[in-house]
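Structure record follows, encoded as structure tokens.
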Amino acid sequence: MLVNIGYGNIVNMDKVIGIIRADAAPIKRMVQVAKDNNLAIDATCGRKTKCILVMDSGHIMLSALLPDTIENRVNDIPTNERSLDYE
């Protein structure tokens, strides 16, 4: 299931482990470590990072949207389109 995470950037939500706010100091350290290891994908388009999407590959994606906004976008997708089981 693909979801817009802001400014035309799309992410596969099936690969997301968690969505967390970016304002806590430990999260900021996690972002810096990911950037140092080339595991950070910046999808903020130069805006302030408001949430982090942790991927199952170990990468993190930075988004300028609030976690609640992304959650609402996921919840707005009809249930039948969320399933990848096309029997």
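Some observations on this one:
- Principal-axis tilt of helix 25-36 within the chain, Cα atoms, nearest 10 degrees: 90
- Dipole of the chain, positive direction: furthest Cα of Ala43, Met1, Pro78, with charges on the beta-carbon: Ala43
- Identified option (computed Kirkwood radius over Cα pairs in Å; candidates (1) 15.2; (2) 13.4; (3) 14.6): (2)
- Apportionment of accessible area to carbon and sulfur, the chain, percent (1.4 Å): 51
- Relative packing of peptides 26-39, 58-71, 4-17 - highest average C-beta neighbours within 10 Å first: 58-71, 4-17, 26-39
- Heavy-atom accessible area per residue - the chain, 1.4 Å, Å²: 65
- Per-residue Karplus couplings for the stretch 55-68, computed as 6.51 cos²θ - 1.76 cosθ + 1.60 with θ equal to phi - 60°, are listed in order as 9, 6, 8, x, 6, 10, 10, 9, 10, 8, 8, 6, x, 4 Hz, Gly and Pro entered as x.
- Normalised by the number of residues in the chain, the average gap of Cα pairs under 8 Å and 6 or more apart makes the relative contact order 32 percent.
- Cys51 long-range amide H proximity, modeled H, under 5 Å: Ala22, Ser63, Leu65
- Dipole size of the chain about its Cα centre, with +1 on Lys/Arg Cβ and -1 on Asp/Glu Cβ: approximately 560 debye, rounded to the nearest 20.
The values are calculated or read from the model by the stated rules, or taken from the named source; none is laboratory data. Here the structure is a predicted model, which means the values were calculated and not measured. All Cβ positions, even for glycine, are placed from backbone atoms using ideal geometry, and neighbour counts span all protein chains on display. Surface accessibility is based on the protein's heavy atoms, side chains included, excluding ligands, DNA and RNA. Shrake-Rupley method; radii C 1.70, N 1.55, O 1.52, S 1.80 Å.
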